[in-house]
Each structure stands twice: as structure tokens, then as C-alpha cells.
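The structure appears below as C-alpha cells.
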Amino acid sequence: MIQHHTDTTRSLVAADVPVVARLFQKILRKTREPATPALETYLASVFLDGPDRDPEINSFVHLRRDGCVNGFVGVLPLPLLVGDRPVRGALCGTLMVEDHADDPFAGARLMRAFLGGPQDVSLTETANDISTTMWRKLRATVLPDHSLEWLRVIRPAGFAAEMAARAVGLGGVLRPLARPVDALVRRRGDGPSWTHLPVGLPAGTLASAEVDDGEAAALFVELTGGYEVRPNWRAQSLARMLAESRRKAVYGAMVRRKVVARNGRPVGLFLYYGDPGRVGRVVQVLHAPGQAGIVLDSMLAHAGETGLVALRGRTMPALLEAMLGRRFMFVHASSSIVHARDKSLIEPFVAGRAFFNGFAGESWSRLIGDRFD
């Protein structure tokens, strides 16, 4: 069903996908390389037939006066449970406008089209400063404890070499020089510091083990069950998300492991991507009540043993307290935001009782971190 909102926005249809793919390459990937058929196919699969497809919750395109598409907002349905009550949620992901200066209100029109949908709760986890201003004008609520990027350095010289490689392309020269420096720093015998993690596992660190898609899905449901607001994942939808999350070639190899207590009971799960000598990207950290620090320690220990130089990821309120005692660094890069007509639905997000970010977002998608060659 095509929804018409104004003369300049309408629901995405299959014929729009090639133009949206071109905008994706130009605006988000910042490349002149043409969009590949693989990218077009994936965009269609996510935004026209994505997980938890809802025929009334749509992505939107913006039209110039001549009828050509010059903007897009990607929308993903996100069914939620508030307590035991099902609630319709929707996630605003990709928002882009070509030649924004020629039509400075195009982004706002797309935003209003999205917020005018039938969902009870509207969310985003990737709002830049301009988008955040638009959300605020539409009376949305920014969630500071969800909106920080965190960094934990493991190998300081390797981290500096990796940053230099990204800036000026000297990684091939600097990485071999960094390894002996990091080996010396990490073997000095002192405890964890802001600059590094020592060699060896801290006392009390729990073991972790790989999990397949089926066990990961079960842990996602189990370990989010204590949140007042949580995704109401259908089994087939979560299975699809887990399968697609395997591929993030830009970030490196996937690491997905459960953290196991000494009695054999799983107390957490972490999912990150990364290769030795590089910065790992953490997409999800799940933990049983009171076990956040233990799961973080296990994840950091595994990343150190694997050879990563640092880990980075996105905060959640339930992790922040444990992170503050473990020398994580924080910076704001984009905002997580919630909007609802019923203000009672906003309160659990503000109070940190809602599971949001990561798989309750768009980070599982191949659009973030994968190639479509």
C-alpha cells in the first residue's frame, strides 16, 4: 500500500531503489563508484521486505518539483513489548537528501512523513547534529546514556599505528614497529590503565565460548527479558538478523561468544568484529542482572588474546556504571532519540529500562560495515 503524505513525499516502491542506491553511494559512502546490483538487491530486501515487515510502516522518498527522487528515509518496523503489552515501534535509519542546500526543508518533510506513521514509538540511534535538531523541533527526546561512543585501548602503540594508517596510510610501516613496543608495555606487570590492558586474564575472569545462530537467538531473548521495554522479536525475524549480521567485511571477522559462569550457566553474550592489529567494533553486549562488569572483562580479555588494539562501541545505560570503573573513554558522535504521542512510553527509555541500540536498532544490517562489490 502506497501512502501519500504531501506532494513531495511518498512511500518507497521498488522502482525507486536504483536511485536510492545511487544516493547511498554518493551521500553516505561518499564515493563516485556506481551502485552495484548487489547493493540495490540488499536495499530492496531490507526496506521493502525486511524483518518484521509491517505493510503500514514504510520507508519514504522525497521528490523534487520535477518528480525525481532526491531524498530518502529508511524505516524499519521494530515490534516492542512494554511489560507484556505489544506496541508498534519503528526505527528511522538512513536519512539523506541530495543537494540539500537547494531544498533545505526536504529532510524535515521526510521526518514528518516518518513520524506521521501508525507506530506508537519512533526511534533512531544514528541522528547527526542536523537530524537531532529536527527531532527536537518535533518534540522528541534525546537519550544521553544511549548516545555515547566508547573506546577501550588494549595496545597503545598498535592503536596509534592504526589511527595513523587511517589518516595517512602508514599502517604497513608502523604496525610491525608497534608490536614490540606493545609487548613491552603490556608485560610490565602493572594493572589495567587508560593506555593498555596487561597480558593475561585478570583474576576472576569468566571463560567464553562461541555460539551458533540458534543459541545466540535464545540468549538474545533470555537476556533482554528483564527490560521493561524490549523487542518483540519473531523467531524468523531474529534468525534473519543474526544471519545477516555475520557479514561486515569493512569491520573484520565476526566474534560472537557467550560468557559462562563456573556452574555452566550463561551470564552474557558479546558480539564484535575485528582482525588482529585493528580496532574492533562491538555491536552488542548482553548480560544477566548484576553481571555487566563480568561480561565486559571477558570480552576485553578475548579481544586482547585475539590481537586487537582496541574495542569501540555504543553505550547502553545498563553498561555505563560498569564501564566507568574500567577506564573506558567516551565521545558523542550521534544521538539515540525516542518520540511517542503517549508520553508514558518515553519514560522507560529515559529511565534506562528499555533495551535499545545494537540489534534493537539497525546495527545488525549489512548496510553498516559491509561491502557490496
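Below is a table of values for the structure above.
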read-out: Net lengthening on full extension, N263/A167 (0.36 nm per residue, minus Cα-Cα); value: 29.9 nm
read-out: Neighbourhood net charge (15 Å Cβ-Cβ; Lys/Arg +1, Asp/Glu -1) for A44; value: 0
read-out: For region 247-373: Kirkwood Rh in Å [reciprocal of mean 1/r, alpha carbons]; value: 15.9
read-out: Prolate/oblate/rounded label for region 252-292 (Cα gyration tensor, a/c 1.5); value: prolate
read-out: Region 184-307 shape via C-alpha gyration tensor axes, a/c threshold 1.5; value: oblate
read-out: Accessible solvent surface per residue of the chain, calculated while the other protein chains remain in place, 1.4 angstrom probe, Å²; value: 45
read-out: Relative contact order for the chain, counting Cα pairs under 8 Å that sit 6 or more residues apart, in percent; value: 20
read-out: Spin-label pair E305/D212, simplified geometry with 7 Å Cα→Cβ offset, distance in nm; value: 2.2
read-out: Cα gyration tensor shape for region 37-89, rounded if a/c is under 1.5, else prolate or oblate; value: oblate
read-out: Cα convex hull volume per residue for the chain (Å³); value: 137
read-out: ³J(HN,Hα) computed for each position of region 137-142 - Karplus, 6.51 cos²θ - 1.76 cosθ + 1.60, integer Hz, glycine/proline x; value: 5, 9, 6, 8, 10, 7
read-out: Apportionment of accessible area to carbon and sulfur, the chain, percent (1.4 Å); value: 56
read-out: Structure-based [θ]222 nm, the chain - -39500 (n - 2.57) summed over DSSP H runs of at least 4, per residue, nearest 500; value: -9000 deg cm²/dmol
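The values are calculated or read from the model by the stated rules, or taken from the named source; none is laboratory data. It should be emphasised that the depicted structure is a prediction, and the values quoted were computed from it without experimental measurement. Because the Cβ atoms are built from the backbone with ideal geometry, glycine has one as well, and the counts that use them run over all protein chains shown. What goes into the accessible areas is simple: the full protein's heavy atoms, side chains included, and nothing from ligands, DNA or RNA. Shrake-Rupley method; radii C 1.70, N 1.55, O 1.52, S 1.80 Å.
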